[in-house]
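Q: One structure follows; several queries about it will come next.
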Amino acid sequence: MKPAKTIDVKLNGLYDAVFRLEFKQDKDGNEIGILTVPYVKWLSSTENDVYENVYEISGEILECIEKQFFDKNVVSIPIKGYQQIEMEDFIYQVMPEEIYNQLINGTYEIADGN
């Protein structure tokens, strides 16, 4: 198995956190990724905390997240003509199919000025 990959971040400019991608195999020997995504949850106007969402991913989604985010050590990607693309966008596929396919294939264009 491949070693885990991490990206150290400071959420909201205040909180140290780690995006983590760990690898395992399913019962058929296929590679599966365990993706841990931190986020800040605002509990009240004076209190907040860092929480994590954990996802099990595989196939093209795993390949894209590993290559486009972890191998490049980024947590979001600016796409020309679109907003920032976040890791979780791939899991929920809440982006135009054209952009999703460009990111999977590595043919996207970085927005000007980035």
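Q: Mind counting the residues in segment 69-114 that are of a type outside the set (D, E, K, R) and loosely packed, with under 10 Cβ neighbours inside 10 Å?
A: Number of matching residues: 6.
Q: Could you list, in sequence order, the residues of segment 77-105 that are in contact with a helix residue (DSSP H, G or I) (Cβ under 7 Å, 6 or more places away or on another chain) and either touching a residue at least 24 places away in the same chain (Cβ under 8 Å) or in a loop (DSSP other than H, G, I, E, B) (or both)?
A: Residues satisfying the conditions are ILE77, ILE79, TYR82, MET87, PHE90, ILE91, GLN93, MET95, LEU103, ILE104.
Q: Okay, next question. Among the hydroxyl-bearing types (Ser, Thr, Tyr), surrounded by 12 or more Cβ atoms within 10 Å (Cβ to Cβ) and part of a helix (DSSP H, G or I): does that describe TYR55? Before the answer, list the steps.
A: Working: among the hydroxyl-bearing types (Ser, Thr, Tyr): yes; surrounded by 12 or more Cβ atoms within 10 Å (Cβ to Cβ): yes; part of a helix (DSSP H, G or I): no.
No; evaluated as a whole, the condition is false for this residue.
Q: Against the definition (at negative phi, surrounded by fewer than 18 Cβ atoms within 10 Å (Cβ to Cβ) and either within 11 Å of the chain's Cα centre (by Cα) or among the acidic types (Asp, Glu) (or both)), how does GLU66 come out, yes or no?
A: no
Q: Just to be sure I understand, how many residues within segment 56-114 are over 18 Å from PRO3 (Cα atoms) and of a type in the set (D, E, K, R)?
A: Final tally of qualifying residues: 9.
Q: Something else about it: Out of curiosity, is ILE7 at pLDDT 95 or above and over 14 Å from ASN73 (Cα atoms)?
A: Numbers: at pLDDT 95 or above: yes; over 14 Å from ASN73 (Cα atoms): no.
It is false that ILE7 is at pLDDT 95 or above and over 14 Å from ASN73 (Cα atoms).
Q: Would you mind listing the strands (runs of 3 or more DSSP E) fully within segment 1-43 where at least 1 residues are without any contact (Cβ under 8 Å) to a residue 40 or more places away in the chain and touching a Ser or Thr at 6+ places or on another chain (Cβ under 7 Å)?
A: Values: elements: 5-11, 15-25, 31-42.
Result: 15-25, 31-42.
Q: Every residue in segment 60-76 that is assigned to a loop (DSSP other than H, G, I, E, B) and among the β-branched types (Val, Ile, Thr), please.
A: Step one: filter segment 60-76 for residues assigned to a loop (DSSP other than H, G, I, E, B), giving 71-75.
Residues satisfying the conditions are VAL74, VAL75.
Q: Do we have TYR82 as in contact with a strand residue (DSSP E or B) (Cβ under 7 Å, 6 or more places away or on another chain), modelled with pLDDT under 90 and among the hydroxyl-bearing types (Ser, Thr, Tyr) here?
A: Values: in contact with a strand residue (DSSP E or B) (Cβ under 7 Å, 6 or more places away or on another chain): no; modelled with pLDDT under 90: yes; among the hydroxyl-bearing types (Ser, Thr, Tyr): yes.
Answer is no for this residue.
The values are calculated or read from the model by the stated rules, or taken from the named source; none is laboratory data. Predicted model only: the values in this text are computed from it and were never measured. Note that we place each Cβ from the backbone using ideal geometry, even for glycine, and neighbour counts take in every protein chain shown.
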